1. Relative to the first principal axis of the alpha-carbon coordinates of the chain, what is the inclination of helix 6-25, with its axis defined by its Cα atoms, in degrees from 0 to 90 and to the nearest 10?
2. Once the other residues with Cβ under 9 Å from the Cβ of ARG51 are scored (Lys, Arg +1; Asp, Glu -1), what is the net sum?
3. Per-residue HN-Hα couplings for segment 83-89, Karplus 6.51 cos²θ - 1.76 cosθ + 1.60 at θ = phi - 60°, whole Hz, x for Gly and Pro?
4. At most 13 other Cβ atoms within 10 Å and a DSSP loop assignment: could you name the GluC sites (Glu not before Pro) in segment 1-44 that fit?
5. Can you give the calculated 222 nm mean residue ellipticity of the chain, where each DSSP H run of n ≥ 4 adds -39,500 (n - 2.57) and the sum is split over every residue, rounded to the nearest 500 deg cm²/dmol?
6. If I model a spin label as a point 7 Å beyond the Cα along the Cα-Cβ vector, how far apart are those points for SER71 and HIS30 in nm?
7. Can you give the accessible area per residue of the chain, in Å², using a 1.4 Å probe?
8. I'd like the carbon and sulfur percentage of the solvent accessible area for segment 1-48, probe radius 1.4 Å, heavy atoms only, ligands and nucleic acids excluded.
Amino acid sequence: MKVMTDEELLAAILAHQRRRKVFQDEGLSHEEAYELADDLWDRDENGGEERVCFECRYLEGKKSCTKIRDSQGNPTNPDRFVLQRCDKFKLKGKNYVAVRVS
Ligand code: SF4
């Protein structure tokens, strides 16, 4: 396990807090939000490639995926609270910092 500097630890703690708030604001319980934020912490620490849709530029209005469309061409509603690999994922924001959930 990599040892974090004080600055990295503070950034990770702030990211955890910010993510929990986003997830709770979007409907998860406190416990669910905490668990998912923990998973993202582990992902960041281990350099994993899994993502949540909240980190993706194709998530519109925090609910619809504009990249993956249904048979009628309409945006789909992905499971935004699952840490997963998505072939269509594109990082949100040009100045994105890895620990952020935008
Ligand atoms: S492209 Fe993939 S990661 Fe991005 S919003 Fe759609 S389903 Fe989520």
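1. Roughly 40 degrees, rounded to the nearest 10.
2. Details: positive: ARG43, ARG85; negative: GLU49, GLU50, GLU55.
Here the charged neighbours net out to -1.
3. Listing the rounded values in order: 7, 7, 8, 9, 4, 8, 4 Hz.
4. On the way: sites: GLU7, GLU8, GLU26, GLU31, GLU32, GLU35; in loops: GLU26.
Those that pass, being in a loop and sparsely packed, are GLU26.
5. On the way: 2 runs with 37 residues, N = 102.
One gets -12500 deg cm²/dmol as the mean residue ellipticity at 222 nm.
6. So the two model labels end up 4.5 nm from each other.
7. Details: 6910 Å² over 102 residues.
The answer is 68 Å² per residue.
8. Details: 1680 of 3190 Å².
It is 53 percent, rounded to a whole number.
The values are calculated or read from the model by the stated rules, or taken from the named source; none is laboratory data. Computed from a predicted structure; not experimentally measured. With ideal geometry, Cβ positions are generated from the backbone for all residues, glycine too; neighbour counts draw on all protein chains shown. These accessible areas exclude ligands, DNA and RNA; they are computed on the full protein's heavy atoms, side chains included. Shrake-Rupley method; radii C 1.70, N 1.55, O 1.52, S 1.80 Å.
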